[in-house]
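A quick write-up on the structure given underneath.
The values are calculated or read from the model by the stated rules, or taken from the named source; none is laboratory data. Being a predicted model, the structure only gives us computed values, none of them experimental. Here the Cβ positions follow ideal geometry from the backbone for every residue, glycine too, while neighbour counts run over all protein chains shown. Surface accessibility is based on the protein's heavy atoms, side chains included, excluding ligands, DNA and RNA. Shrake-Rupley method; radii C 1.70, N 1.55, O 1.52, S 1.80 Å.
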Amino acid sequence: MGYERKGIAAMHGYVPGKQPVSPDVIKLNTNENPYPPSPAVMQAIHAVPPEALRKYPSPAADGFRSTAAKLHGVTMENVVATNGGDELLRMAIATFVEPGQPIGTIEPSYSLYPVLAEAHGSRVFHLDLEEDFSVPEGAAAKMNEAGVNLLFIVCPHAPSGQLTSVPQLAAIARDFKGVVLVDEAYVDFVDPALAHDAVELVREHDNVLLLRTLSKGYSLAGLRFGYGLGAASLIEPMLWKTRDSYNVDALAQAAATAALEDRAYSVDTWKRVRAERVRLREALMELGFRVHPSQSNFLLAHVPAGARARAMRDGLETQGLLVRYFDAPRIDDALRITVGTPEQNDKLLAALRVILAAV
Ligand SMILES: *Cc1c(COP(=O)(O)O)cnc(C)c1O
């Protein structure tokens with residue numbers, strides 16, 4: 001036994017996807033954008049003067065918050081900048097969940113939620129998604145009954161990619177008595193034809209907190225930058241109480257602001273990812289996979305009859321292709337595959353054809 005609290009000693013940590021050192025490995029396992037970040041991001045980092053590193057940065061990242069507020073048609077008071085979207089999850093728990101009070105999830109879902117709950121000394125109260133992975137009717141009422149004050153909903157859903165509509169989210173926000181954190185880590189990849197915009201919920205409901213990240217859409221997973229959008233009353237305690245004193249550094253603030261200002265560059269990468277999402281899904285279905293319709297930059301593909309998902313993941317890895325496998329109920333017969341560049345996707349499909357021919 002070490003010196004840590006009992007709850008920490010007993011918990012299992014988060015298991016991240018592999019990050020191999022070799023640049024030859026094709027990484028379709030952690031949902032990074034396959035295209036590089038905007039050149040404006042690198043210019044902004046180079047342009048940071050030494051003086052900006054000698055001094056402390058803007059504590060609440062005011063420049064970034066102002067840019068994000070303009071982008072979303074809200075005010076700075078509706079925005080909190082965080083060290084990756086994951087920090088917003090931790091801050092929301094610290095702000096809205098009494099230690100010991102349950103945290104609500106709808107499973108399967110992001111595997112970090114239960115880890116953060118445990119670290120807080122809370123358990124997870126979970127409901128199951130419907131057969132088709134949609135959010136069940138009456139979820140809010142059941143969460144209320146269980147005494148949940150913070151409910152996590154991933155939209156588009158991970159790991160299936162399925163979208164919950166804004167009216168559905170609004171109904172949950174109306175019926176739920178606590179805070180609904182809508183984890184929009186992948187929202188940038190939603191087809192614009194669907195006109196999906198959850199920011200309107202922030203204006204109409206004081207209990208909706210949206211999570212955004214620059215990790216996926218803006219090709220900046222290494223930067224660690226995300227933000228929360230919510231009513232000023234929801235954001236205020238996170239901004240001035242539970243946030244680390246200088247939670248986002250000067251370089252990251254400059255880079256993240258430049259990324260949003262040159263959003264047009266990233267919009268083009270989203271379009272390319274969407275085109276490949278359609279092509280890759282069709283090709284996988286032709287190979288016999290059952291693939292959920294996805295509005296994110298990954299596909300959840302249930303392997304064909306007779307094949308084993310875990311073995312297939314291992315077989316791909318020996319060929320230098322990484323995909324994600326989850327040993328969890330309802331998804332342990334599936335691979336979660338990040339949509340890559342056309343060349344990367346072709347290599348994946350060729351490797352899968354070889355593996356399936358041997359099954
Ligand atoms: C990637 C991801 C996040 C946030 O990741 P950060 O890199 O910390 O911004 C949040 N939720 C889900 C479901 C994700 O996949």
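Just to be sure before I move on: is Phe152 within 15 Å of the ligand (Cβ to nearest atom), aromatic (Phe, Trp, Tyr) and at pLDDT below 95 in the structure I sent? Walk me through how you get there before you give the answer.
Working: within 15 Å of the ligand (Cβ to nearest atom): yes; aromatic (Phe, Trp, Tyr): yes; at pLDDT below 95: no.
Answer is no for this residue.
Residue under question is Leu211, and the condition is that it be hydrophobic (A, V, I, L, M, F, W, C), under 16 Å from Val166 (Cβ atoms) and within 15 Å of the ligand (Cβ to nearest atom); does it hold?
Values: hydrophobic (A, V, I, L, M, F, W, C): yes; under 16 Å from Val166 (Cβ atoms): yes; within 15 Å of the ligand (Cβ to nearest atom): yes.
Answer is yes for this residue.
Give me the pairs: first residue in the range 199-212 and without any contact (Cβ under 8 Å) to a residue 24 or more places away in the chain, second residue within 16 Å of the ligand (Cβ to nearest atom), beta-carbon distance under 7 Å, and six or more apart or on different chains, which are they?
Once the first residue is without any contact (Cβ under 8 Å) to a residue 24 or more places away in the chain and sits in the range 199-212, no partner that is within 16 Å of the ligand (Cβ to nearest atom) comes close enough.
Name every residue in the range 321-335 that is open to solvent by 20 Å² or more (accessible area, probe 1.4 Å) and of a type outside the set (Ser, Thr, Tyr), in order of residue number.
Quick first cut of the range 321-335, residues open to solvent by 20 Å² or more (accessible area, probe 1.4 Å) only: 324-330, 332-333.
Listed by number, the residues that qualify are Arg324, Phe326, Asp327, Ala328, Pro329, Arg330, Asp332, Asp333.
Which residue out of Leu220, Leu229, Leu251 is open to solvent by less than 10 Å² (accessible area, probe 1.4 Å) and either touching a residue at least 60 places away in the same chain (Cβ under 8 Å) or within 24 Å of Thr105 (Cα to Cα) (or both)?
On the way: Leu220 fails: open to solvent by less than 10 Å² (accessible area, probe 1.4 Å); Leu251 fails: open to solvent by less than 10 Å² (accessible area, probe 1.4 Å).
On inspection, the qualifying residue turns out to be Leu229.
Being open to solvent by 30 Å² or more (accessible area, probe 1.4 Å) and part of a helix (DSSP H, G or I) is true for just one of Glu77, Glu32. Which residue is that? Walk me through it before giving the result.
Numbers: Glu32 fails: part of a helix (DSSP H, G or I).
From the options Glu77, Glu32, the qualifying one is Glu77.
Given the criteria assigned to a loop (DSSP other than H, G, I, E, B), more than 16 Å from the ligand (Cβ to nearest atom), in contact with a Ser or Thr (Cβ under 9 Å, 6 or more places away or on another chain) and farther than 23 Å from Phe298 by Cα, does Tyr56 qualify? Show your work before the answer.
Numbers: assigned to a loop (DSSP other than H, G, I, E, B): yes; more than 16 Å from the ligand (Cβ to nearest atom): yes; in contact with a Ser or Thr (Cβ under 9 Å, 6 or more places away or on another chain): yes; farther than 23 Å from Phe298 by Cα: yes.
Answer is yes for this residue.
Which of the residues belonging to the range 89-124 are away from the ligand (no atom under 16 Å from the Cβ), in contact with a helix residue (DSSP H, G or I) (Cβ under 7 Å, 6 or more places away or on another chain) and free of Cβ contacts under 8 Å to residues at least 24 places away in the same chain?
Pro99, Arg123
Please pick out the residue among Leu280, Leu316, Leu284, Leu300 that is crowded, with 22+ Cβ neighbours inside 10 Å, more than 19 Å from Pro156 (Cβ to Cβ) and in contact (Cβ under 8 Å) with a residue 12 or more places away in the chain. Step through it out loud before you land on a result.
Numbers: Leu280 fails: more than 19 Å from Pro156 (Cβ to Cβ); Leu284 fails: more than 19 Å from Pro156 (Cβ to Cβ); Leu300 fails: more than 19 Å from Pro156 (Cβ to Cβ).
Exactly one residue qualifies, and that residue is Leu316.
For the range 294-359, which strands (runs of 3 or more DSSP E) that fit wholly inside it have 2 or more residues that are out of contact with any Phe, Trp or Tyr (no Cβ under 7 Å at 6 or more places or on another chain)?
298-302, 321-323
Any residue that is open to solvent by 40 Å² or more (accessible area, probe 1.4 Å), under 24 Å from Thr213 (Cβ atoms) and within 17 Å of the chain's Cα centre (by Cα) - is there at least one of those in the range 142-156?
Among the residues of the range 142-156, not one is open to solvent by 40 Å² or more (accessible area, probe 1.4 Å), under 24 Å from Thr213 (Cβ atoms) and within 17 Å of the chain's Cα centre (by Cα), which makes the answer no.
Filter the range 158-183 down to residues that are assigned to a loop (DSSP other than H, G, I, E, B), in contact with a helix residue (DSSP H, G or I) (Cβ under 8 Å, 6 or more places away or on another chain) and within 25 Å of Ala334 (Cβ to Cβ), then give me how many there are. Before you say what the answer is, go through the steps one by one.
Pass one, the range 158-183, residues assigned to a loop (DSSP other than H, G, I, E, B): 158-165, 176-178.
Remaining after also requiring in contact with a helix residue (DSSP H, G or I) (Cβ under 8 Å, 6 or more places away or on another chain): 163, 176-178.
Filter again for within 25 Å of Ala334 (Cβ to Cβ), leaving 163.
Within the range 158-183, residues that are assigned to a loop (DSSP other than H, G, I, E, B), in contact with a helix residue (DSSP H, G or I) (Cβ under 8 Å, 6 or more places away or on another chain) and within 25 Å of Ala334 (Cβ to Cβ) number 1.
Would you point out the residue of the range 62-88, among those that are within 14 Å of the ligand (Cβ to nearest atom) and among the charged types (D, E, K, R), that is farthest from the chain's Cα centre (by Cα)?
Glu87
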